[in-house]
């Protein structure tokens, strides 16, 4: 409802602004007759924009004013009000004065529509954050098959007690955290670890609620339930991080806190001086001088300085494949000093590939053929990698039968009346399979080569090893190098093996890495860095990355990421390329530079021209001393023409917009 409300106001304001601008172009210059009806039409069209669409600015400004504070909304309310009500006075007083003064209803409506567009983006970002929580909650199973007595009954998970035995069938979600009591299976834990390789489970192994059982049935004893489960903790951490994400204090707000009250005081003093203390100045001239001060000081340019640059930066980011969801995050991304990457699917492609094959008493081709035959019956993710490798190398695959999940080992089938098993080497150790020194040496070679070792067994003897690797993205090394050259520290946070992570870290030359960690530990790594005063960006793609993405000052997700991570992240890299990380940081830094320039020129314009509008020249040159060629600017007595004040105000806003438009031609590769 919040998003729709702001969107309606933004669209209405934009339509009116476009209509008023078009009327101004079509009837420019206006004749004395035309300005009457054009002025009244413009006043009526702009009235609902000022009273309805801009109402939240007035409410916020009044709320701050009651506490003797000034914020961005104070600037917007003041700037648009001066433009609107001055124009309204011009229209209403038109029949009683001979001078034709300009109207600026279009200025007020354009400012309001632009700021509302920024508010809409912020509201959408908040909505996405709520969607992330809902998505995480959807991962939770609603019911559990609990063994009570001699029966297995289906009960809601909130009615399951600690210590009870729960049955899990193939293809179903594991409802709660626990330890395997009986049976064995393979579980997809990618939502927790981010790793594409499923985890084999035997008796005593830990299982987590929300993960998916792929093969076989097993019973586990509940060790954690309710808000103590791992998934519930992830939900809690995401909520905590989103709630504690501090808003960036805009530079414009700092100006507003001092500038706005100073302008109001100066305008009041200007009127008092000319109206009550200057004997040669009429009340009319005093009022026009005060209006000129307010128009010159109208902080429209200050109000545009940040949102104009942010809006153009967002469209520029989209051109380079970066979806920017948070204006605040765009401002802070350029200030980060540390970037953490998830491994699988971020620095690597996330697709398993057979890198090496070793045979013991059998050739490498025979080992791969046996493994392909067994895995041909499986839907396991590593099965595809083995089958693809065998087909690419035209390996002969013998026929197999009696396929089954081998308890504690992986998958098993019968080939030529012999039992063959393909599975985890760690689980082979747990099953007391003898591992020779030759096999151990090859295992170490695979780990050193950034490979995950898979054992191939004939009966209870290891006859081969297959090294699976998740290939590094071609651009990863370049991205890490560029980030370090920009003065940033680069690290890896992953749930993968230590040896595999160490090898990857060495190849990419990162500053630090932490392996074999759960989502909460990734979150803790981020908070520890932030506690030391660092600004941290996190790049990830899995559900397991959601707490870290939410906690980071800037969360960056791959477009292939889970819905949870996409909804939590402030930035989404469209396409499978992480070069958008360096592009995003450079764009943020450029945007901050543009904003500072906008604020400098907008503020400087006010500092220089306000004294002129207040009658500075009249104090020194006196009445009737202005040269004739300057009468159109300063009149005969040195008081700034309100029309020229309005033109200067508009010029400052235009200069800010043109400076912001330089972001459209920005090239991240220069």
Tell me, what is the FRET efficiency for residue 630 and residue 265 to the nearest 0.05, using R0 = 45 angstrom and their Cβ-Cβ distance as r?
-> 0.95
Estimated FRET transfer efficiency (residue 520, residue 66; beta-carbon r; R0 56 Å; 0.05) = 0.85
With viscosity set to 1.002 mPa s and temperature to 20 °C, compute the Stokes-Einstein D of the range 316-438, Rh being the Kirkwood radius across alpha carbon pairs; µm²/s, no decimals.
-> 119 µm²/s
Measuring from a point 7 Å past the Cα of residue 147 along Cα-to-C-beta, which residues in the range 166-185 have an amide N at less than 12 Å?
-> 166-168, 180-184
Kindly rank 265-275, 329-339 from highest to lowest mean number of other beta carbons found within 10 Å of each residue.
-> 329-339, 265-275
Over the range 143-228, calculate the relative contact order: mean separation of alpha carbon pairs under 8 Å at least 6 apart, over the residue count, as a percent.
-> 37 percent
Nearest-0.05 FRET efficiency for residue 227 and residue 436, computed from C-beta distance (R0 35 Å) | 0.15
How far is the Cα center of the range 459-509 from the Cα center of the range 435-454, in Å?
-> 17 Å
Return the inverse of the average 1/r over all pairs of distinct C-alpha atoms in the range 143-228, which is the Kirkwood hydrodynamic radius, in Å to one decimal.
-> 12.6 Å
Once residue 667 and residue 619 are pulled to full extension, the length gained, defined as 0.36 nm per residue separation minus their Cα-Cα distance, is 12.3 nm
Taking max minus min of the Cα coordinates of the range 419-536 on each principal axis, largest first, gives extents in Å of 56, 29, 21
Want the number for residue 600 to residue 361: 0.36 nm per residue separation, take away the alpha-carbon distance, what's left?
-> 78.4 nm
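Here, each number is a calculation from the coordinates, and none is a lab measurement. Model, not experiment: these values are computed from the prediction. With ideal geometry, Cβ positions are generated from the backbone for all residues, glycine too; neighbour counts draw on all protein chains shown.
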